[in-house]
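Worksheet: the structure to be examined is printed underneath.
The values are calculated or read from the model by the stated rules, or taken from the named source; none is laboratory data. All values reported here derive from a predicted model rather than from experimental measurement. Using ideal geometry, Cβ is built from the backbone for each residue, glycine included, and neighbour counts are taken over all protein chains shown. Surface areas here come from the heavy atoms of the whole protein model, side chains and all, with no ligands, DNA or RNA. Shrake-Rupley method; radii C 1.70, N 1.55, O 1.52, S 1.80 Å.
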Amino acid sequence: MTQPHQPMRAAFKALALLSLFTALARPAHAQWTPSTAVVGTDSVLVVAGPDFAAGSFHRTLFGDNYRDIWLTRIKVPVLNLEKFAGGLKPTKLGGGLQTESVRFIAEDSSEWVFRSVHKRSRVLSKQFDHTIIAYAFHDYGSASHPLGAVAVSPLLADAALLHPTARVAVMPDDPALGKFRKEFAGILGMIE
């Protein structure tokens, strides 16, 4: 006869082994070049999600998802806060449980929002920080397309549906960001 806690212990041991194998099968971050490389004053080369790099064992367990796209180096414009939409001034933080954003107001009083491409989930409580659960939850982000909002815009336009048109950009390290500079400077995101 089995003890009531034996299945739970066996599941915990299997999860611990799985996390060990996953950690061993995943390439170290140090093997990756920096995620942003300066091309000029108006554009940079970026890798949207270097943290989604994974070896074959990890990919077998957690899936390929959009990892190759997250790891592709792309050339992206740097958002010019002085010139875009006649000039942008940050007003407040925004975002939900996944995306961090900063809101702007333009010279003509139009409102803009800059959202990070990389999702940072705030769904799990602090007790899960630095656990396999937090890691698996974060890794699941590789299943979303980094620039899905850009790709879907033409489809929504063809269907005559009202939608924001997102433009990919990197937030500059600009004093005009004020109190939002530390959190958003150098972030790959979309302005809409």
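About the Cα centre, and with charges only on the beta carbon of Lys, Arg (+1) and Asp, Glu (-1), how big is the dipole of the stretch 45-169? Nearest 20 debye, please. Walk me through the numbers on the way to the answer.
Numbers: 14 positive and 11 negative charges, 43 e Å.
Value, rounded to 20: 200 debye.
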Checklist entry - How big is the accessible area of ASP129 in square angstrom, nearest 10, if you roll a 1.4 angstrom probe over the protein chains? => result 70
Next on the checklist: Can you give the local net charge around VAL76? Use residues other than it whose beta-carbon is closer than 12 angstrom to its beta-carbon, Lys and Arg +1, Asp and Glu -1.
Outcome noted: +2
Next on the checklist: Using DSSP to call loops (not H, G, I, E or B), can you name the trypsin sites (Lys or Arg not before Pro) in the stretch 61-116 whose Cβ has at most 16 other Cβ atoms within 10 angstrom?
Outcome noted: LYS83
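Only sites in a loop by DSSP and with at most 13 other Cβ atoms within 10 Å count here; which GluC sites (Glu not before Pro) in the stretch 48-121 make the cut? Mind showing how you got there, number by number?
On the way: sites: GLU82, GLU100, GLU107, GLU111; in loops: GLU82, GLU107.
In loop regions of the stretch 48-121 (DSSP not H, G, I, E or B), the sparsely surrounded GluC sites (Glu not before Pro) are GLU82, GLU107.
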Checklist outcome for this item: A correct Karplus calculation of ³J(HN,Hα) over the stretch 146-152, with 6.51 cos²θ - 1.76 cosθ + 1.60, θ = phi - 60°, whole Hz and x for Gly and Pro, returns x, 10, x, 5, 6, 5, 7
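How large is the translational diffusion coefficient of the stretch 57-192 in µm² per second when you combine the Kirkwood radius over alpha carbon pairs with Stokes-Einstein at 4 °C and 1.567 mPa s?
Working: Rh = 16.6 Å.
Estimated via Stokes-Einstein, D reaches 78 µm²/s.
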Item to check | Selection from GLY63, ASN80, SER110 lying farthest towards where the dipole of the stretch 42-129 points positive, charges on Cβ | outcome: GLY63
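How far, in nm, would the chain grow between ASP173 and VAL123 when pulled straight, counting 0.36 nm per residue and subtracting the alpha carbon separation? Intermediate results must be reported in sequence, preceding the final value.
Numbers: separation 50, 0.36 × 50 = 18.00 nm, distance 2.86 nm.
Stretched fully, the ASP173-VAL123 segment lengthens by 15.1 nm.
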Next on the checklist: Run the reach check for LYS182 against lysines, Cα to Cα strictly under 20 Å, same-chain hits fewer than 8 apart removed. What comes back?
Outcome noted: LYS89, LYS92, LYS119
Next on the checklist: For a quick check: with amide H placed at 1.01 Å from N, whose amide H comes under 5 Å from GLY87's, ignoring anything fewer than 5 positions away on the same chain?
Outcome noted: GLU107
